[in-house]
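Trainee: Structure incoming, see below.
The values are calculated or read from the model by the stated rules, or taken from the named source; none is laboratory data. In this text the structure is predicted, and so the values were computed from the model without any measurement. So basically every Cβ, Gly included, is an ideal-geometry build from the backbone, and we count neighbours across all protein chains shown.
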Amino acid sequence: NAGVTQTPKFQVLKTGQSMTLQCAQDMNHNSMYWYRQDPGMGLRLIYYSASEGTTDKGEVPNGYNVSRLNKREFSLRLESAAPSQTSVYFCASSEQYDMNTEAFFGQGTRLTVV
Amino acid sequence: RKEVEQDPGPFNVPEGATVAFNCTYSNSASQSFFWYRQDCRKEPKLLMSVYSSGNEDGRFTAQLNRASQYISLLIRDSKLSDSATYLCVVNKGGGFKTIFGAGTRLFVKA
C-alpha cells in the first residue's frame, strides 16, 4: 500500500522557471493538501482540496496554483519560481475535510530555486 | 504571538530518561489536538491524538489543559529511536483551520 506518493523528490530550478509537483494517494481520501516546511516555521498550508472538484487557498498561496485532477491526484504548480519558494513541499491527505482524523504525508519534495 | 508555540529545543537526554514537551495554543475554540513525529528529512507521521481525558500509548502520554491552553507529551524510558522532531497540531474545528507547530527536536544519547 503506497499511501501518498509525491514526485519529484528533488528539484533545482532557475528563477522564473515553472514546474509542477505531482501527488497521488491510494487511500480513497476525500481531502488533500499541499504544505511547505521551512526551518523554524513549521508546516504552512499552501492550498487544500476538501473534496474532488474543489480547491481553496491556505495560509501562503501566492505564487502557486493547484489542480485536483481526480479523487486520487492533487498537483501543485509554480508558474514563475522565485528563491523565496526554496523549501520542502509535502502533500498530504485525510479522510475528513477538517483534518480531524489522521493526515498522511508524502515523502516530500526538496525544491531549490537559484 | 504564534497560534501554536513549541519550545524548539533541542532536548538532549540520555537513554532511559523521562522528557516532557509542552505546546501552547492561542485559539480557545480549538477542538482537536495531535502530536506528530518527524524523523530527519522524512515526512511527519501521526504519533497520537490528544483527548480531554488524556491519552497513553506505551511509553507516551499526552495531556490537554484547556484552562491554560496547552498540550503536553511525556516520553518515559527514552530510546535512541525516539530521536526526532515532535510536532504539535491544533485544529479549531468547524472549517479548515489546522495549525502545525514548528516542532521540538529531541536527541536521545546512549
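Trainee: In the stretch A:50-66, what count of residues is obtained for those that are of a type outside the set (Val, Ile, Thr) and at pLDDT below 95? Spell out how you get there, then give the answer.
Mentor: In the first step, residues of the stretch A:50-66 are kept if they are of a type outside the set (Val, Ile, Thr); the result is A:50-53, A:56-59, A:61-65.
Still in the running and at pLDDT below 95: A:50-53, A:56-59.
Here the count works out to 8.
Trainee: Just to be sure, is A:ALA81 more than 20 Å from A:GLU102 (Cα to Cα), buried (at least 18 other Cβ atoms within 10 Å of the Cβ) and among the small types (Gly, Ala, Ser)? Full working, then the answer.
Mentor: Numbers: more than 20 Å from A:GLU102 (Cα to Cα): yes; buried (at least 18 other Cβ atoms within 10 Å of the Cβ): yes; among the small types (Gly, Ala, Ser): yes.
Yes; evaluated as a whole, the condition is true for this residue.
Trainee: For the stretch B:14-28, give me each residue that is out of contact with any helix residue (DSSP H, G or I) (no Cβ under 9 Å at 6 or more places or on another chain), assigned to a strand (DSSP E or B), hydrophobic (A, V, I, L, M, F, W, C) and more than 16 Å from A:GLY40 (Cα to Cα).
Mentor: Here is the first cut: in the stretch B:14-28, the residues out of contact with any helix residue (DSSP H, G or I) (no Cβ under 9 Å at 6 or more places or on another chain) are B:14, B:16-18, B:20-28.
Those left that are additionally assigned to a strand (DSSP E or B): B:14, B:20-25.
Now drop any that are not hydrophobic (A, V, I, L, M, F, W, C), which leaves B:20-21, B:23.
Listed by number, the residues that qualify are B:ALA20, B:PHE21.
Trainee: Considering only the stretch B:66-81, I want to know if a residue exists there that is buried (at least 20 other Cβ atoms within 10 Å of the Cβ) and outside any strand (DSSP E or B). Before you say what the answer is, go through the steps one by one.
Mentor: The first filter runs over the stretch B:66-81 and keeps only residues buried (at least 20 other Cβ atoms within 10 Å of the Cβ), leaving B:71, B:73, B:75, B:78.
Then drop every residue that is not outside any strand (DSSP E or B), which leaves B:78.
Within the stretch B:66-81 (the criterion being buried (at least 20 other Cβ atoms within 10 Å of the Cβ) and outside any strand (DSSP E or B)), the answer is yes, since at least one residue qualifies.
Trainee: Residues in the stretch B:82-110 that are in a loop (DSSP other than H, G, I, E, B) and within 11 Å of the chain's Cα centre (by Cα): how many? Steps first, please.
Mentor: Going through the stretch B:82-110, the residues in a loop (DSSP other than H, G, I, E, B) turn out to be B:83, B:92-97, B:101-103, B:110.
Okay, now just the ones that are also within 11 Å of the chain's Cα centre (by Cα), so B:101-103.
Total meeting the criteria: 3.
Trainee: Within the stretch B:1-22, can you find the residues that are modelled with pLDDT under 95 and over 14 Å from the mean Cα position of the chain (by Cα)?
Mentor: Once the filter is applied, which keeps residues that are modelled with pLDDT under 95 and over 14 Å from the mean Cα position of the chain (by Cα), the stretch B:1-22 yields B:ARG1, B:LYS2, B:GLU3.
Trainee: Quick one: which residue in A:TYR64, A:TYR97 is closer than 27 Å to A:VAL12 by Cβ and in contact with a strand residue (DSSP E or B) (Cβ under 9 Å, 6 or more places away or on another chain)? Reasoning before the result, please.
Mentor: Values: A:TYR97 fails: closer than 27 Å to A:VAL12 by Cβ.
Result: A:TYR64 is the single residue among A:TYR64, A:TYR97 that is closer than 27 Å to A:VAL12 by Cβ and in contact with a strand residue (DSSP E or B) (Cβ under 9 Å, 6 or more places away or on another chain).
Trainee: Could you list all residues from the stretch B:43-60 that are acidic (Asp, Glu) and away from chain A (no Cβ under 14 Å)?
Mentor: To start, the set of residues in the stretch B:43-60 that are acidic (Asp, Glu) comprises B:43, B:56-57.
Result: B:GLU56, single match.
Trainee: Can you tell me which of A:GLN37, A:GLN11 is under 21 Å from B:TYR36 (Cβ atoms) and among the polar types (S, T, N, Q)? Working first, answer last.
Mentor: On the way: A:GLN11 fails: under 21 Å from B:TYR36 (Cβ atoms).
Step by step, each of A:GLN37, A:GLN11 is checked, and only A:GLN37 is under 21 Å from B:TYR36 (Cβ atoms) and among the polar types (S, T, N, Q).
Trainee: Output the residues belonging to the stretch A:57-114 that are among the aromatic types (Phe, Trp, Tyr), within 13 Å of chain B (Cβ to nearest Cβ) and within 19 Å of A:GLN22 (Cβ to Cβ).
Mentor: Once the filter is applied, which keeps residues that are among the aromatic types (Phe, Trp, Tyr), within 13 Å of chain B (Cβ to nearest Cβ) and within 19 Å of A:GLN22 (Cβ to Cβ), the stretch A:57-114 yields A:TYR89, A:PHE90, A:PHE104, A:PHE105.
Trainee: Follow-up. Hey, can you tell me all the residues within the stretch B:33-64 that are within 13 Å of the chain's Cα centre (by Cα) and polar (S, T, N, Q)?
Mentor: Residues satisfying the conditions are B:GLN38, B:SER49, B:ASN55, B:THR61, B:GLN63.
Trainee: Return a yes/no flag: does the stretch B:30-51 have any residue that is farther than 29 Å from A:GLY106 by Cβ and assigned to a loop (DSSP other than H, G, I, E, B). If you could, list the steps in order and put the result at the bottom.
Mentor: Restricting attention to the stretch B:30-51, the residues satisfying the condition of being farther than 29 Å from A:GLY106 by Cβ are none.
No, every residue in the stretch B:30-51 fails to be farther than 29 Å from A:GLY106 by Cβ and assigned to a loop (DSSP other than H, G, I, E, B).
Trainee: Across the stretch B:2-25, which residue is surrounded by the fewest Cβ atoms within 10 Å (Cβ to Cβ) among those that are away from every other protein chain (no Cβ under 14 Å) and under 14 Å from B:ALA102 (Cβ atoms)?
Mentor: So in the stretch B:2-25, the residues away from every other protein chain (no Cβ under 14 Å) come out as B:11-22.
With under 14 Å from B:ALA102 (Cβ atoms) added as a condition, the list becomes B:21-22.
Values: B:PHE21: 22, B:ASN22: 16.
For the stretch B:2-25, the residue satisfying everything is B:ASN22.
Trainee: If you take the residues in the stretch A:33-52 that are in a strand (DSSP E or B) and more than 12 Å from chain B (Cβ to nearest Cβ), which one is surrounded by the fewest Cβ atoms within 10 Å (Cβ to Cβ)?
Mentor: Here is the first cut: in the stretch A:33-52, the residues in a strand (DSSP E or B) are A:33-38, A:42-49.
Still in the list and also more than 12 Å from chain B (Cβ to nearest Cβ): A:34, A:46.
Working: A:TRP34: 28, A:ILE46: 24.
Residue satisfying both the conditions and the ranking: A:ILE46.
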